[in-house]
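Remarks on the structure that follows.
The values are calculated or read from the model by the stated rules, or taken from the named source; none is laboratory data. Not measured: the values here are computed from a predicted model. Heads up, the Cβs are rebuilt from the backbone with ideal geometry, glycines too, and the neighbour counts pull from every protein chain shown.
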Amino acid sequence: MDQLRKLGQAIAAEMVTDKTGARITVAEAILRSWAESKEPTLQKAFIEYAFGKVPDKLETNPLENRKTLILNYGHEGKRLQDREGPGSSCEVDGFSRCAEIKFSTMARGVS
């Protein structure tokens, strides 16, 4: 397989004359023919070699399976403290430092 790859690379590096008379490599001639082709698969192959593979699957819902963090503090903390009661984890040294963290996973249907 390595010998075949080396042969292919040697052929791709050979110089040829294009239709305008310019000297280009075989690889460049192939890429230019793909870029100018009316065949969509060759156009796609050219774009993928030039810029990277086109994704097979588009992400239609980028927010799916994401975690949500809700942070309540200051005046909002009083509401949580009232719900949890005095001496709860919301109160530290007599100060209200409440934070409600809600992690939801849409895939499991948990909120």
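Quick rundown of the values:
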{"quantity": "Where ALA29 falls short, out of the listed (1) of a type in the set (A, V, I, L, M); (2) outside the structural domain of LEU7 (by TED's automatic domain parsing); (3) modelled with pLDDT of 65 or more", "calculated": "(2)"}
{"quantity": "Looking only at the stretch 1-17, and only at residues there that are polar (S, T, N, Q) and surrounded by 10 or more Cβ atoms within 10 Å (Cβ to Cβ), the one that is farthest from ALA27 (Cα to Cα)", "calculated": "THR17"}
